[in-house]
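Colleague: Pasting a structure below so you can have a look.
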Amino acid sequence: MSVPDGFVFSQSSLQDYLDCPRRFELRYLDRLVWPAVTAEPAAELERHLADGERFHLLAQQFFAGVDPQILDLLAERQGLGEWWTAFREYPVRDLPERRFVEISLQTQVGRYRLAAKFDLLAFDADGRAVIVDWKTSRQRPQRSASMQRAQTLVYPLVLADAGHALTGGDKLTPDRITMIYWFAAYPQQPEVLYYSQPQYESDRQRLADLLAEVDARTVFDRTTDERHCRFCVYRSLCARGTRAGDAAALDLDDLVEEVPVMTSADEFDLDQLAGIDF
């Protein structure tokens, strides 16, 4: 067995495995920290990741009931005006009223644990459930690319299995689940993905096979698709080059779950606006 006891798979770890088994081994099994940057210019990448974290926090506070006018001011002060304006002017429509933000759920697939952390979950009394995931990358991926992502495979299945822990009702019906990718740079073009019972059954089997494959593996080969190496910190370790790829071409949202950019508490201290009159 290659996977340690208690290991919990996530969409990020599975995406790493699908992109490059060797990267999965180095990052999640060996837990190797390698002194290389993901993309260049590094300062631009760090700034964009930090902005993405701040945007997600603003969205979380919005759905938690914080006064939108306060959040508008915070967004402006943090240089997020364009993204935040898009968020306010082109919101996700027809969201059920019962909502949970930044919530994590887990399920069991075979003998393995699988977790998902959701930006926003919304439920109605009739059993409809909506997953919303905020995306702050510069590019909007093709629908076919979104459909192939581990996130699209993992999130609806975890919700179908474990969402009733939030609603207190029966297990959710896959046909009533919708997943929405909302793009800050393309707010009028969200990607809406409808789930179904056949899709759920297919995804569960695919995940069971994939997790068993990872666990049974003794040799984790490097990817044959060297395009994945451009944005891998282990590229020099694997003799796949020393120069990082262009940050403008990277899907920055892929980095948020595993490489979070911490935001100092005073940057989003709501008390700093207490003296402002509206």
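Colleague: In the stretch 199-218, is there at least one residue being within 28 Å of residue 27 (Cα to Cα), open to solvent by 40 Å² or more (accessible area, probe 1.4 Å) and part of a loop (DSSP other than H, G, I, E, B)?
Modeller: Within the stretch 199-218 (the criterion being within 28 Å of residue 27 (Cα to Cα), open to solvent by 40 Å² or more (accessible area, probe 1.4 Å) and part of a loop (DSSP other than H, G, I, E, B)), the answer is yes, since at least one residue qualifies.
Colleague: Kindly indicate whether residue 127 is buried (at least 19 other Cβ atoms within 10 Å of the Cβ) and touching a residue at least 40 places away in the same chain (Cβ under 8 Å).
Modeller: Answer is no for this residue.
Colleague: Going through 158, 154, 192 one at a time, which residue ends up being β-branched (Val, Ile, Thr) and free of Cβ contacts under 8 Å to residues at least 40 places away in the same chain?
Modeller: Of the residues listed, the single one that is β-branched (Val, Ile, Thr) and free of Cβ contacts under 8 Å to residues at least 40 places away in the same chain is 192.
Colleague: What number of residues within the stretch 181-198 are open to solvent by 20 Å² or more (accessible area, probe 1.4 Å) and either at positive phi or in a strand (DSSP E or B) (or both)?
Modeller: Qualifying residue count for the region: 7.
Colleague: Another question about this same structure. Would you check if there is a residue in the stretch 137-150 being of a type outside the set (Gly, Ala, Ser) and modelled with pLDDT of 95 or more?
Modeller: No, the stretch 137-150 has no match at all.
Colleague: Can you tell me which residue within the stretch 46-99, out of those that are among the small types (Gly, Ala, Ser) and part of a helix (DSSP H, G or I), is surrounded by the fewest Cβ atoms within 10 Å (Cβ to Cβ)? Can you show your working first?
Modeller: First, pick out the residues of the stretch 46-99 that are among the small types (Gly, Ala, Ser): 50, 52, 59, 64-65, 75, 79, 81, 86.
Filter once more, keeping what is part of a helix (DSSP H, G or I): 50, 52, 59, 75, 81, 86.
Details: 50: 16, 52: 23, 59: 22, 75: 22, 81: 12, 86: 18.
So, considering only residues that are among the small types (Gly, Ala, Ser) and part of a helix (DSSP H, G or I), the one surrounded by the fewest Cβ atoms within 10 Å (Cβ to Cβ) is 81.
Colleague: Here's something else I'd like to know. Given the options 5, 94, 19, name the one that is closer than 30 Å to residue 160 by Cβ and touching a His at 6+ places or on another chain (Cβ under 6 Å). It would help to see each step written out before you state the result.
Modeller: Values: 5 fails: touching a His at 6+ places or on another chain (Cβ under 6 Å); 94 fails: touching a His at 6+ places or on another chain (Cβ under 6 Å).
Step by step, each of 5, 94, 19 is checked, and only 19 is closer than 30 Å to residue 160 by Cβ and touching a His at 6+ places or on another chain (Cβ under 6 Å).
Colleague: Scan (1) farther than 24 Å from residue 56 by Cα; (2) assigned to a helix (DSSP H, G or I) for the single condition residue 155 breaks and write down its number.
Modeller: The one condition residue 155 does not meet is (1).
Colleague: A further question follows. Considering the stretch 220-234 alone, what residues qualify as being part of a loop (DSSP other than H, G, I, E, B) and open to solvent by less than 90 Å² (accessible area, probe 1.4 Å)? Quick ask: steps written out before the conclusion?
Modeller: As a first pass, look at the stretch 220-234 and keep what is part of a loop (DSSP other than H, G, I, E, B): 220-225, 232-234.
Those that are part of a loop (DSSP other than H, G, I, E, B) and open to solvent by less than 90 Å² (accessible area, probe 1.4 Å): 220, 221, 223, 225, 232, 233, 234.
Colleague: Got a sec? Which of 208, 184 is in contact (Cβ under 8 Å) with a residue 24 or more places away in the chain and over 27 Å from residue 83 (Cα atoms)?
Modeller: Within the list 208, 184, the selection yields 208.
Colleague: Oh, and also: List, please: which pairs have Cβ atoms under 9 Å, are six or more places apart or on different chains, and start with a residue in the stretch 66-80 that is free of Cβ contacts under 8 Å to residues at least 40 places away in the same chain and end with one that is of a type in the set (Val, Ile, Thr)?
Modeller: Qualifying pairs under 9 Å: 72/85; 75/85.
The values are calculated or read from the model by the stated rules, or taken from the named source; none is laboratory data. Note that the structure is predicted; figures quoted are calculated from it, not measured. FYI the Cβ positions are ideal-geometry reconstructions off the backbone, even for glycines, and counts take in every protein chain you see. Quick note on the areas: whole protein, heavy atoms, side chains included, nothing else; ligands and nucleic acids left out. Shrake-Rupley method; radii C 1.70, N 1.55, O 1.52, S 1.80 Å.
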